[in-house]
Amino acid sequence: MKDNSRIDEVLSTLDEELPRALDRLAEFLRIPSISTDPAYAGEVRRAAEWLCAELAALGFEASVRDTPGHPMVVAHSPRGDRRPLLFYGHYDVQPVDPLELWERPPFEPQIEDTPQGKVIRGRGASDDKGQLMTFVEAFRAWKAVHGSLPSDLVLLFEGEEESGSPSLRPFLRENAEELRAGIAMICDTGLYADGRPAITTQLRGLYGDEIVVRAADRDLHSGSFGGLAANPIQVLVNALATVKDASGRVTLPGFYDGVEELSDELRADWAALGFDAGEFLSRVGLKHPVGEAGRTGLEMIWNRPTFEINGISGGYTGEGFKTVLPAEARAKVSFRLTGAQDPERIRESFRAHVRAALPGDCTVAFHGHGASPASRMDISDPAFAAAKAALTQEWGREAAYIGAGGSIPIAGDFKEILGMDSMLIGFARDDDRIHSPNEKYDLQSFAKGARSWARILAALA
């Protein structure tokens, strides 16, 4: 059910309140809520309490919830008969090192003029305090105009995202009934590269492994043993080389089980983005795309699974030269997963492949580094079309459904534990320098982000 009767008033209120909204954001950014450093635990809690107070002042039933790590902030608007919406963001930030590369103190935010427009600079400006506050400012303007909040909103703001979210999954399980909604809104993403608004509708999963191949009980002289004794590096690279064939396809049995082709709607959306693989690679000093034959660039980074060797070591790697057969060799590998691929089945298949490549004198040990499935949202849900139309109206450019080559675990957690899809809508830009010195957030992203959420609220609530 749409309630657009007063959306123009809400948008006008957001425009009028922008200077004060920026003051509030700056106050929030001054709190050094670095979750990875125990020395800042008190500041992380202070940020949670600041948020809780802001939400309570707007009429939310808000609380700071303790966890074994940093606290969660949970808030509810009044209950009603609308489809519940869950809003997720995180208030913790990355460390600031190396401090000497910052042009000003990272927790003394300031608005600056740049050739691309005005920005607010400071740690957390884009990731994720500025994005999170686009939610809050939209709620604030809505209440100012309507006299009350939209009903059936659930807010979950996390304080451990930058340190791996160790408390999140247990918290979701313990509070599933309270947090479960019709759909989740996640703000920790960005605009497409050319500045158009986007809804991320699929995320690749990830499975990582470390392999250690051992042979002799010591490093061996290659003149005395070369050609006769097993060389763990050779054994390891032979095994890894045959995981892919010449066309770029992974050879593991059953690897492509569950991989899905693009829908016609997504294929058209992605084609309209005009992605140029050569231009994309030129940004990092490359120009020739590789990968799975017959696939477009966006398919390969958003919708196709991969196998990558992330690191390999063994033998003598110091200065000079040493002719040895090493006693052991190591490699770290990762698989990006799509569709309904099962990371555990792929783990079994990969490890069986490596074991089958071992000669009799070699042993292998594996050390897993996480395994999570891909996330794909059901864009046939009318909420997606409504949100897409709202973004298009606000930004004056056709919004797109896009994918993401990386992983955002929270979307998978919401799907697995709470049984709901997510809309990943954010307004960060590629040059925001998140996790780096001199992080910033465009004032346009902040202002139009809040206006976008107001339009989405009108469309959905």
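Odds and ends about this structure:
- Looking across segment 314-349 at every residue that is surrounded by fewer than 19 Cβ atoms within 10 Å (Cβ to Cβ) and charged (D, E, K, R), the one that is farthest from SER407 (Cα to Cα) is identified as LYS322.
- Helices (runs of 4 or more DSSP H) completely within segment 218-277 that count 2 or more residues being charged (D, E, K, R) and either surrounded by 12 or more Cβ atoms within 10 Å (Cβ to Cβ) or touching a Pro at 6+ places or on another chain (Cβ under 9 Å) (or both): 264-272
- Among the residues of segment 415-435, those that are in contact with a Leu (Cβ under 9 Å, 6 or more places away or on another chain) and modelled with pLDDT of 95 or more comprise ILE417, LEU418, MET420, SER422, LEU424, ILE425, GLY426, PHE427, ALA428, ARG429.
- Residue selected from segment 304-322 under the condition of a type outside the set (Gly, Ala, Ser) and modelled with pLDDT under 95, by the criterion farthest from GLY226 (Cα to Cα): GLU319
- Failed condition for ALA184, given (1) in contact with a Gly (Cβ under 9 Å, 6 or more places away or on another chain); (2) assigned to a strand (DSSP E or B): (1)
- Restricting ARG169, ARG180, ARG214 to residues that are basic (Lys, Arg) and either without any contact (Cβ under 8 Å) to a residue 24 or more places away in the chain or closer than 27 Å to GLU137 by Cβ (or both) narrows the list to ARG180.
- For segment 362-385, the condition holds for at least one residue, the condition being that it is within 26 Å of THR251 (Cβ to Cβ), modelled with pLDDT of 95 or more, assigned to a loop (DSSP other than H, G, I, E, B) and not aromatic (Phe, Trp, Tyr).
- Every pair of residues 6+ apart whose Cβ atoms lie under 9 Å, when the first sits in segment 80-97 and is over 24 Å from HIS70 (Cα atoms) while the second is among the basic types (Lys, Arg) and buried (at least 16 other Cβ atoms within 10 Å of the Cβ): PRO84/ARG180
- The lone exception for PHE275 - which of (1) touching a strand residue (DSSP E or B) at 6+ places or on another chain (Cβ under 9 Å); (2) within 22 Å of ILE408 (Cβ to Cβ) it fails: (1)
- Residue selection: ARG376 fails the criterion of being more than 19 Å from the chain's Cα centre (by Cα), of a type in the set (Lys, Arg) and farther than 26 Å from PHE446 by Cα.
- Residues (closer than 24 Å to ARG20 by Cβ, surrounded by fewer than 22 Cβ atoms within 10 Å (Cβ to Cβ) and either outside the structural domain of THR13 (by TED's automatic domain parsing) or in contact with a Lys or Arg (Cβ under 9 Å, 6 or more places away or on another chain) (or both)) located in segment 433-457: LEU443, GLN444
- Looking across segment 396-408, the residues that are crowded, with 19+ Cβ neighbours inside 10 Å and not small (Gly, Ala, Ser) come down to TYR401, ILE402.
- Checking VAL93, VAL74, VAL119 one by one, the residue that is in contact with an Asp or Glu (Cβ under 6 Å, 6 or more places away or on another chain) and of a type in the set (Val, Ile, Thr) is VAL119 and no other.
- For segment 197-217, the tally of residues that are at pLDDT 95 or above and part of a loop (DSSP other than H, G, I, E, B) stands at 4.
- When segment 339-393 is filtered for residues that are of a type in the set (D, E, K, R) and either within 29 Å of ASP413 (Cα to Cα) or in the same structural domain as ASP413 (by TED's automatic domain parsing) (or both), the ones remaining, listed by number, are ASP342, GLU344, ARG345, ARG347, GLU348, ARG351, ARG376, ASP378, ASP381, LYS388.
- Any hit, segment 81-96, residues being part of a strand (DSSP E or B), farther than 20 Å from SER163 by Cα, assigned by TED's automatic domain parsing to the domain that holds LEU156 and touching a Pro at 6+ places or on another chain (Cβ under 9 Å): yes
- Selection from segment 278-294 of residues that are assigned to a loop (DSSP other than H, G, I, E, B) and either in the same structural domain as GLY248 (by TED's automatic domain parsing) or more than 21 Å from SER407 (Cα to Cα) (or both): ARG283, VAL284, GLY285, LEU286, LYS287, HIS288, PRO289, VAL290, ALA293, GLY294
- Extreme residue, surrounded by the most Cβ atoms within 10 Å (Cβ to Cβ), among residues of segment 409-432 that are closer than 17 Å to GLU160 by Cβ and not β-branched (Val, Ile, Thr): ALA411
The values are calculated or read from the model by the stated rules, or taken from the named source; none is laboratory data. Just so we're clear, the structure is a prediction, and the values are computed from it rather than from any experiment. Heads up, the Cβs are rebuilt from the backbone with ideal geometry, glycines too, and the neighbour counts pull from every protein chain shown.
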